[in-house]
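Heads up, the thing below is written out as structure tokens.
The values are calculated or read from the model by the stated rules, or taken from the named source; none is laboratory data. This structure is a prediction, so every number in the text was calculated from the model and none was measured. So basically every Cβ, Gly included, is an ideal-geometry build from the backbone, and we count neighbours across all protein chains shown. With ligands, DNA and RNA removed, areas are computed over all heavy atoms of the protein, side chains included. Shrake-Rupley method; radii C 1.70, N 1.55, O 1.52, S 1.80 Å.
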Amino acid sequence: MEEWFTTSFAEATPAQEQGWPAIAAGDHTLVLAPTGSGKTLAAFLWGLDRLTGEPVPDDRNHRTRVLYISPLRALAVDVERNLRSPLAGIALAAERLGVDLTVPTVGMRTGDTSPEDRRALVRTPPDVLITTPESLFLMLTSQARETLAGVRWVIVDEIHAMAATKRGAHLALSLERLDHLVAERGGRAPQRIGLSATQRPLDEVARFLGGRTGDGPRPVTIVDAGRRKDLDVEVVVPVEDMGRLGELLDEPTSGAAAGPPARASIWPSVHPRLLELIREHRSTLIFVNARRLAERLAARLNELAEAEAEEGGPRWTGGEAVGTGGGELVRAHHGSLSREQRLSIEDALKAGTLKGLVATSSLELGIDMGAIDLVVQVESPGSVASGLQRIGRAGHQVGEPSRGKVFPKHRGDLVEAAVVVRRMREGLIEETRYPRNPLDVLAQQIVAMCALDEWKVDDLSALVRRTANFAELGDEAISAVLDLLSGRYPSEEFAELRPRIVWDRIQGVVRGRSGAQRIAVTNAGTIPDRGLYGVFLPDGARVGELDEEMVYESRPGETFLLGASTWRIQEITHDRVVVTPAPGEPGKMPFWHGDRPGRPLELGRAVGAFLREVRKPGAAEWLQREHALDAWAADNLVRYVEEQVEATGAVPDDRTIVVERFRDEIGDWR
């Protein structure tokens, strides 16, 4: 192991130097380090070192000893691929030195894994299993759980992406179920290693990672190798006066064929600037906050590039040159694309056959996208943590600065972007707070736990309270959840709901009813906020997914865009849309509801304080210097605040509420 590392790397990174002693000591460990600092390798290396020096266990159910949990399937695929290189290097180093060692095997189970491959993982468990929170839940709720009986290390990557959500509470309960399984099979509770690039406060995230015992929180060693990555960020406004956006450009026409009146838009100025930036750099990531905008922007940039090429400008033929597709300059990348589509797009960017991607948060985490020269954020990222994750994708290598441009869409967005960029430069990440007592998640996990085993209520309650999320859960709340699941409802209105468990109150025991396991495994993960339809080719290959409302408004024969490619609808069933490719044909833009992230409380307060502070002489120069605004952006922001003062005499901030009223089209006050 040492031979391979010293020949592959000049030196260990701070995250590795500081993290290895705690991991080697067997402590639960939380590692904070920026993107590209080698923290994932730091987490894996100690376990790999132990695996290469130990014989393979005789019991196949104790073969899997390292469990890696990723919040994204795409990130899991990336880590699995990147692990193969060090394993091959370790094997070659051992061969050079004449040392016998066991080369660990690596397996992966996610929502994209085929049933045949899942059965193979049960028959021949790997030494290292890469999975997601939902797939871990499914394994623990089936006979596949026996293959996890020997797990000794659990690595939770990008923990900040889950800690503050119900999905994190769901994972916390799964980790306690895993601990219980390992202990029941005669093992020792696995060591937990959490990795993140952006999180604050560290002790809150450490409590979430470690959970509790009867004596209080489990001790977690915090390794703070975080350093403020060098940022070269600028807020860019490509129009001189954003106040004119939305104005009528010409009088609306009348008649049956009349469309909506043409209004001034920022996009005709943004698109050419983005195209210019893409062409100036080897590879560019453009982040947006909604999947619909990703599709629309990718299509428009490709159209603009094609139009310029027809007028004698440069033509991009990267895809044609190697036979991987047409002359598309950029592609859309988001979570509603299938795994095959995402991998194809990511590989095309790494190979240089694409100049850029227009992505949502699907690429926000540490997926290896090769050498990214520039990150462009269209619209404020919505939070400092998200901004750092996204801009941090540029200069992904150790010690390399991150370069980014932020393009606000309107003047209100410009205010938030100015605040976010300054807080990014100062490292003021929003605080993470894990949710307390999400009872819907608890109900799901109780059904899953009772599906295979009979539980004493006291033992079940003790396991639940070992998670940080449910540490303060009272007996009344647990009893109420058990009442609900066992069919004891407050009125006859709920009589149609079928009980999922049997609660023997005399013996204090709960067990699953017939069909409980099927209900649990077909509803893995937290309850979604919206319904989605899968999009499939006639042969069953998955293309992606669409919002249920868009599917309701669509008909067979229509075409739509997904992943910057056009598809024709062949059939719409109760749960899927069957499509065929329709290259070169125009298609309508897809849409998804609930895409826009909310503004964190801390950022809202900072925006209010900023609006108070910006009303001072020399504000434009101060904005350019302290908030990284270009000249037009600074002038637009100052003018925006001045116009508000002129109109109402006050500006809403963190200490002032302004209530405006106006007359509507018929003269009534609003």
All but one of (1) within 27 Å of the chain's Cα centre (by Cα); (2) of a type in the set (A, V, I, L, M); (3) at pLDDT 80 or above hold for Ala74, so report the exception by its number. (3)
Considering only the range 98-107, I want to know if a residue exists there that is of a type outside the set (Val, Ile, Thr), closer than 21 Å to Leu175 by Cβ, touching a strand residue (DSSP E or B) at 6+ places or on another chain (Cβ under 8 Å) and at pLDDT 80 or above. yes
Could you check Gly335 against (1) crowded, with 22+ Cβ neighbours inside 10 Å; (2) at pLDDT below 90; (3) closer than 30 Å to Leu414 by Cβ and say which number it fails? (1)
Of residues in the range 584-594 being out of contact with any Ser or Thr (no Cβ under 6 Å at 6 or more places or on another chain) and not aliphatic (A, V, I, L, M), the one nearest to Glu558 (Cα to Cα): Lys588
Out of everything in the range 280-321 that is acidic (Asp, Glu) and either surrounded by 21 or more Cβ atoms within 10 Å (Cβ to Cβ) or part of a loop (DSSP other than H, G, I, E, B) (or both), what residue ends up being modelled with the highest pLDDT? Glu295
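For every residue, the table says whether it meets (1) modelled with pLDDT under 85; (2) crowded, with 19+ Cβ neighbours inside 10 Å; (3) assigned to a loop (DSSP other than H, G, I, E, B); (4) touching a helix residue (DSSP H, G or I) at 6+ places or on another chain (Cβ under 8 Å).
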site: Val223; (1), (2), (3), (4): no, yes, no, yes
site: Gly226; (1), (2), (3), (4): yes, yes, yes, no
site: Ala258; (1), (2), (3), (4): yes, no, yes, no
site: Leu274; (1), (2), (3), (4): no, yes, no, yes
Which numbered condition Ala633 fails, given (1) under 14 Å from Arg411 (Cα atoms); (2) touching a Pro at 6+ places or on another chain (Cβ under 6 Å); (3) aliphatic (A, V, I, L, M): (2)
List the residue pairs whose Cβ atoms are under 6 Å apart, where the first residue sits in the range 181-196 and is at negative phi, the second is of a type in the set (D, E, K, R) and surrounded by 24 or more Cβ atoms within 10 Å (Cβ to Cβ), and the two are 6 or more positions apart or on different chains. Leu195/Lys39; Leu195/Asp157
Considering the range 113-153, residues that are free of Cβ contacts under 8 Å to residues at least 40 places away in the same chain and not in a helix (DSSP H, G or I), and then whichever is nearest to Arg65 (Cα to Cα), we arrive at Thr113
Qualifying residues in the range 422-453 (those that are of a type in the set (S, T, N, Q) and assigned to a loop (DSSP other than H, G, I, E, B)) - the one most open to solvent (accessible area, probe 1.4 Å): Asn437
Please go through the range 145-168 and pick out each residue that is open to solvent by 10 Å² or more (accessible area, probe 1.4 Å) and aliphatic (A, V, I, L, M). Ala161, Ala164
Looking at Thr324 and the list (1) modelled with pLDDT of 85 or more; (2) more than 23 Å from Trp632 (Cα to Cα); (3) in a loop (DSSP other than H, G, I, E, B); (4) open to solvent by 40 Å² or more (accessible area, probe 1.4 Å), which single condition is not satisfied? (1)
Going through Val543, Val509, Val535 one at a time, which residue ends up being among the hydrophobic types (A, V, I, L, M, F, W, C), surrounded by fewer than 19 Cβ atoms within 10 Å (Cβ to Cβ) and at negative phi? Val509
Picked from the range 642-660 (must be small (Gly, Ala, Ser) and on the phi < 0 side of the Ramachandran plot), the residue least open to solvent (accessible area, probe 1.4 Å) is Ala650
Can you confirm whether Pro538 is assigned to a loop (DSSP other than H, G, I, E, B) and within 26 Å of the chain's Cα centre (by Cα)? no
Conditions: (1) buried (at least 19 other Cβ atoms within 10 Å of the Cβ); (2) in contact with a helix residue (DSSP H, G or I) (Cβ under 8 Å, 6 or more places away or on another chain). Arg207 meets all but one. Number of the miss? (2)
Residue count, the range 83-103, condition of a type in the set (Ser, Thr, Tyr) and surrounded by 11 or more Cβ atoms within 10 Å (Cβ to Cβ), comes to 1
Would you please list the contacts, defined by Cβ atoms under 8 Å and residues six or more apart or on different chains, that run from a residue in the range 94-105 that is farther than 10 Å from Leu51 by Cα to a residue that is in a loop (DSSP other than H, G, I, E, B) and among the hydrophobic types (A, V, I, L, M, F, W, C)? Ala94/Leu101
Within the range 454-467, which residues are more than 28 Å from the chain's Cα centre (by Cα) and in a loop (DSSP other than H, G, I, E, B)? Glu454
Quick check on the range 581-594: of everything there that is touching a Phe, Trp or Tyr at 6+ places or on another chain (Cβ under 7 Å) and without any contact (Cβ under 8 Å) to a residue 60 or more places away in the chain, which residue is least open to solvent (accessible area, probe 1.4 Å)? Ala582
Residues Leu171, Leu178: which one is crowded, with 24+ Cβ neighbours inside 10 Å and at pLDDT 95 or above? Leu171
What single numbered condition from (1) closer than 30 Å to Ala164 by Cβ; (2) touching a helix residue (DSSP H, G or I) at 6+ places or on another chain (Cβ under 8 Å); (3) open to solvent by less than 40 Å² (accessible area, probe 1.4 Å) fails to hold for Leu623? (1)
So if I check each of Arg605, Arg568, Arg555, Arg639, which one is assigned to a strand (DSSP E or B), at negative phi, surrounded by fewer than 17 Cβ atoms within 10 Å (Cβ to Cβ) and not β-branched (Val, Ile, Thr)? Arg568
Filter the range 477-496 down to the residues that are over 17 Å from Ile446 (Cα atoms) and either surrounded by 11 or more Cβ atoms within 10 Å (Cβ to Cβ) or among the β-branched types (Val, Ile, Thr) (or both) and list them by number. Tyr489, Phe494
I'm checking my understanding of the structure. Among residues of the range 497-506 that are in a loop (DSSP other than H, G, I, E, B) and among the charged types (D, E, K, R), which one is surrounded by the most Cβ atoms within 10 Å (Cβ to Cβ)? Arg500
